[in-house]
Amino acid sequence: VPYGTAVTALVPTIAVSAGATVSPVSGVAADFSSPVTFAVTAQDGITLQDWSVTVNILANNETDISGFTIPEEVSAAVISTVDHTVNIEVPHGTALTALVPTITLSAGATVNPASGVATDFSSPVTYTVTAEDGSTSQAWTVTVTPLPSSATELLEFSFVEQTGSATINNTGFTVDIEVANGTDVSSLTPTIVVSDGASIVPASGTAADFTNSV
């Protein structure tokens, strides 16, 4: 019978030799968790034969990933049993080269790479789930995505005309920079470096009027 069938109360339909009877009788629920003996008595009422009936449950052919976690995750993985994909997010800056996932599968299934094995998620990783039946398999694509950085630091700020390094205060959000006496500050072009992935307006390389604070 198929995987998952409850075998504790199956109702058999039994055909026996002409005039014979069977016990337990046809149409009566029986528990087939273990082999059941059916006694067939011939029409003569004397001849008796025991039959042993065994119900075997087929191996599971399901190949689902029902759970996928890594310690670094920021929220539960999004698992699609239609597309056979797993998407999971980790904090910005997480090293992706040796993450250790814990994977939950369909009953009796196995997966390669295995659960608990450090894996490089710098790019999507293909996991192959093999069902308990040993022949049914399914490829799953797992993608780990670092969240965008929330950093808004200004790391470098310079002019060609400066006389010394800028003083950058990422707590008070100020930059102080000195230029030579007589410099025309109404159109200076700064070179600016900001946090990884961040942008800045006005952009680096854009001339601005620094007569007053910008």
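The values are calculated or read from the model by the stated rules, or taken from the named source; none is laboratory data. Treat the numbers as computed from the prediction; the structure is a model and nothing was measured. Methodologically, a virtual Cβ is constructed for each residue, glycine included, from the backbone with ideal geometry; neighbour enumeration extends over all protein chains shown. To get the accessible areas, we keep the full protein, side chains included, count just its heavy atoms, and leave off ligands, DNA and RNA. Shrake-Rupley method; radii C 1.70, N 1.55, O 1.52, S 1.80 Å.
Details
- Residue in the stretch 116-127 that is over 16 Å from T143 (Cβ atoms), in contact with a Ser or Thr (Cβ under 9 Å, 6 or more places away or on another chain), open to solvent by less than 60 Å² (accessible area, probe 1.4 Å) and part of a strand (DSSP E or B) present: no
- Check on V144, open to solvent by less than 40 Å² (accessible area, probe 1.4 Å) and not aromatic (F, W, Y): yes
- The number of residues in the stretch 128-150 that are on the phi < 0 side of the Ramachandran plot and in a loop (DSSP other than H, G, I, E, B) comes to 9.
- Check on A107, among the aliphatic types (A, V, I, L, M) and either open to solvent by less than 60 Å² (accessible area, probe 1.4 Å) or touching a residue at least 24 places away in the same chain (Cβ under 8 Å) (or both): yes
- Selected residue (only one of N181, N112 is open to solvent by 50 Å² or more (accessible area, probe 1.4 Å), polar (S, T, N, Q) and farther than 30 Å from V78 by Cα): N181
- So V55, is it modelled with pLDDT of 95 or more and either open to solvent by 50 Å² or more (accessible area, probe 1.4 Å) or part of a loop (DSSP other than H, G, I, E, B) (or both): yes
- Hey, E153 open to solvent by 80 Å² or more (accessible area, probe 1.4 Å), farther than 30 Å from I79 by Cα, of a type in the set (D, E) and under 45 Å from the mean Cα position of the chain (by Cα) or not: yes
- Some residue of the stretch 13-21 being among the hydroxyl-bearing types (S, T, Y), open to solvent by 80 Å² or more (accessible area, probe 1.4 Å) and modelled with pLDDT under 95: no
- Residue match in the stretch 62-84 (condition: within 30 Å of A9 (Cβ to Cβ), open to solvent by 80 Å² or more (accessible area, probe 1.4 Å) and more than 12 Å from the chain's Cα centre (by Cα)): yes
- Positions within the stretch 168-178 being open to solvent by less than 100 Å² (accessible area, probe 1.4 Å) and either more than 12 Å from F157 (Cα to Cα) or touching a residue at least 12 places away in the same chain (Cβ under 8 Å) (or both), in sequence order: I168, N170, G172, V175, I177
- From D209, D133, residue being more than 36 Å from the chain's Cα centre (by Cα) and charged (D, E, K, R): D209
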